[in-house]
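What follows is a single structure, written as structure tokens, with notes after it.
The values are calculated or read from the model by the stated rules, or taken from the named source; none is laboratory data. Worth saying up front: this structure is predicted, and the values here are computed from it rather than measured. Glycine gets a Cβ as well: all are built from the backbone with ideal geometry, and neighbour counts include every protein chain shown.
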Amino acid sequence: MNMILVIEDQVDVNHLLAEALTVAGYRVKSAYTGLDGIKEIQTNSYDLILLDIMLPYKSGDEILKEMRTFSDAPVIIISAKDMVGVKIDLLRLGADDYITKPFDLGEVVARVESNLRRSHRQIQENPVITYKDVILDEHTKRVCVSGTEIELTATEYMILELLMGHTGKVFTKANLYESIWQEEYLGDDNAVKTHISNLRSKLKKVSPDEQYIETVWGLGYRLYQE
């Protein structure tokens, strides 16, 4: 089930969008300020984001610009601004679609479905992810480091795939556990620590001078940032 984040400071509008998307079969999380919105994007995985522009503490265009440094999730702008120049600027910043307020809920749901289909099709057509000298093929489930294939367990592969799919994003232990094991995280981080350690060792064995996964103290893990 696709997970959608709605970033909209008007509570009634946020609730309307969340309810319509929930009825359409999506899981939905709401954020009401720009700061809460970017925090959600940094710490959780979303398949699509509905983003207002006029937000308290951090504007929608600031959020869009920042998130495009680490996330390719589709973004649909929902704004009262109907000026062509504004739309063009936001599309150039990385927005995928633009809906003007007042909107029809049926149109919003249809746009969400369309953008998710496009996103999934792009992933299927481009199954190879690269980071430094690591190549991960999502079709064959093979991982090569500096041209050498390494053997990973299913869990190690899923962790690496998640990190490589969101370069720069910090994943908490809870994020990783719930994304990989599909169970509620109850505070026992031994499983996550062990698999991260094993994954690091296998990558280092091929490229001992390279750094791949870094610990962000007090937060979690992400791909190493130069």
_Check on residue 223, within 19 Å of residue 41 (Cα to Cα) and surrounded by 15 or more Cβ atoms within 10 Å (Cβ to Cβ)_ = yes
*Per-region count, the stretch 1-17, residues over 23 Å from residue 72 (Cβ atoms) and not in a helix (DSSP H, G or I)*: 2
*Hey, residue 132 assigned by TED's automatic domain parsing to the domain that holds residue 218, at pLDDT below 85 and more than 19 Å from the chain's Cα centre (by Cα) or not*: no
*Might you let me know whether the stretch 18-29 holds any residue that is part of a helix (DSSP H, G or I) and touching a helix residue (DSSP H, G or I) at 6+ places or on another chain (Cβ under 8 Å)?*
yes
*Going through the stretch 25-39 one residue at a time, which ones are touching a strand residue (DSSP E or B) at 6+ places or on another chain (Cβ under 6 Å) and crowded, with 17+ Cβ neighbours inside 10 Å?*
26, 28, 30, 31, 37
*Filtered residue count, the stretch 99-147, keeping only those that are free of Cβ contacts under 8 Å to residues at least 60 places away in the same chain, farther than 18 Å from residue 72 by Cβ and among the hydroxyl-bearing types (Ser, Thr, Tyr)*: 2
*So which residues in the stretch 146-162 are surrounded by fewer than 16 Cβ atoms within 10 Å (Cβ to Cβ) and among the acidic types (Asp, Glu)?*
149, 151
_Among the residues of the stretch 1-20, what is the count of those that are more than 14 Å from residue 101 (Cβ to Cβ), under 14 Å from the mean Cα position of the chain (by Cα) and β-branched (Val, Ile, Thr)?_
1
*When the stretch 207-225 is examined, which residues are found to be assigned to a loop (DSSP other than H, G, I, E, B) and either in contact with a Phe, Trp or Tyr (Cβ under 6 Å, 6 or more places away or on another chain) or of a type in the set (A, V, I, L, M, F, W, C) (or both)?*
211, 212, 217, 219, 224
*asked:* Cβ-Cβ distance below 7 Å, separation of 6 or more or different chains: which pairs start in the stretch 50-64 with a residue that is among the aromatic types (Phe, Trp, Tyr) and end on one that is part of a loop (DSSP other than H, G, I, E, B)?
replied: 57/33
*Pairs, please: C-beta under 7 Å, at least 6 apart or cross-chain, first residue of a type in the set (D, E, K, R) and in the stretch 171-183, second loosely packed, with under 15 Cβ neighbours inside 10 Å?*
178/184
*Taking residue 101, is it outside the structural domain of residue 20 (by TED's automatic domain parsing) and among the basic types (Lys, Arg)?*
no
*Which ones in the stretch 94-145 are of a type in the set (Gly, Ala, Ser) and exposed (fewer than 13 other Cβ atoms within 10 Å of the Cβ)?*
106, 110
